[in-house]
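Coordinate-derived values only; no laboratory data. As the structure is a computational prediction, the values presented were derived from the model and not from experiment. For neighbour counting, all protein chains shown are included, and Cβ atoms are generated from backbone atoms with ideal geometry for every residue, glycine included.
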Amino acid sequence: MLSYQHIFHAGNLADVQKHAVLAACLSYMTQKDKPLSYIETHSGRALYHLDDDAAVKTGEAQQGIDVAQAKAWFAPDHPYMRVLADTRKAHGATAYPGSPMIAEHLLRDGDALHLAELHPQEADALRYAMPSAHVYQRDGFETALSITPPTPRRGLMLIDPSYEIKSDYTTIPSFMAKINKKWNVGVIVLWYPILTSKAHAPMIDELKRSFPDGKCHEVGFPPAREGHRMIGSGLFIVNAPFGLHVELNKISQRFATLTKK
Ligand SMILES: C[S@@+](CC[C@H](N)C(=O)[O-])C[C@H]1O[C@@H](n2cnc3c(N)ncnc32)[C@H](O)[C@@H]1O
């Protein structure tokens, strides 16, 4: 039974980290004039409206993308800001692009998009928002294993579960090892929450052992509301595009201003 809906959290600080890094990766990767594949295991609906009751109720976007914009964390020509501006031009001032829409904007003709989303309503909305993508209303892990290595062979996979199913923490390292074995050139980007319980720690320890060259990027932030258990978010990146560390350092500096005493 799936109860997680990303509209409650769209545009929050975790999305800012994930979407800025995703946009930077794809921007680096599309500098080369060779086609690529984008695969996403947990896609969501791709287009959000931050005046939706659910988003207003949590107020997370106000603490996230609104703060990043007010503080000019990203230059207007940063790929994340370009996609945000294009999305708002096309869909209104409160629109916010999810990761599939960010990818679609940055990819070129000849690149391929494969998007898995299990929730029936989210999958319908995803098909509607992304008519030219391959949308799979199936388990994202199974889908990813069945379509790797993709054609074109260069590419990026985003793994962005909600961690509603606690076993995700224990199954993800072996899933990523299988994907990497089938697709050794693929860039793999895993998102995870940093909770007060530190539930992510054993998973990241295992990933560091399996992928000693993997990049781990973690940011801290104040909880969205009192008692909220998420106090940061992380990305583990396998085969990170060359030069990404520059962008990661800048993002770390911006987030550090939120928790500085
Ligand atoms: C965190 S949200 C995705 C947000 C999106 N990646 C973004 O950044 O815009 C996770 C999504 O995964 C979906 N989901 C949950 N379990 C799934 C599974 N086993 N396979 C595919 N999708 C799943 C949920 O319905 C939800 O829409």
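Gly227 meets all of the listed conditions (1) closer than 29 Å to Glu122 by Cα; (2) surrounded by 14 or more Cβ atoms within 10 Å (Cβ to Cβ); (3) over 19 Å from the mean Cα position of the chain (by Cα) but one, namely (2). Give me a count of the residues in region 68-93 that are surrounded by fewer than 18 Cβ atoms within 10 Å (Cβ to Cβ) and over 17 Å from the mean Cα position of the chain (by Cα). The total comes to 15.
Taking the criterion of being within 11 Å of the ligand (Cβ to nearest atom) and in a helix (DSSP H, G or I), the only residue of region 22-58 that qualifies is Leu22. The residue of region 108-124 that is nearest to the ligand (Cβ to nearest atom), among those that are crowded, with 21+ Cβ neighbours inside 10 Å and among the aliphatic types (A, V, I, L, M), is Ala116. Any residue at all in region 154-165 that is more than 19 Å from Pro97 (Cβ to Cβ) and away from the ligand (no atom under 14 Å from the Cβ)? Yes, because at least one residue in region 154-165 is more than 19 Å from Pro97 (Cβ to Cβ) and away from the ligand (no atom under 14 Å from the Cβ).
Residues that are without any contact (Cβ under 8 Å) to a residue 24 or more places away in the chain and among the acidic types (Asp, Glu) within region 216-261 comprise just one, Glu226. Quick check: is even one residue across region 233-243 assigned to a helix (DSSP H, G or I), surrounded by fewer than 21 Cβ atoms within 10 Å (Cβ to Cβ) and not basic (Lys, Arg)? Checked region 233-243: no residue is assigned to a helix (DSSP H, G or I), surrounded by fewer than 21 Cβ atoms within 10 Å (Cβ to Cβ) and not basic (Lys, Arg).
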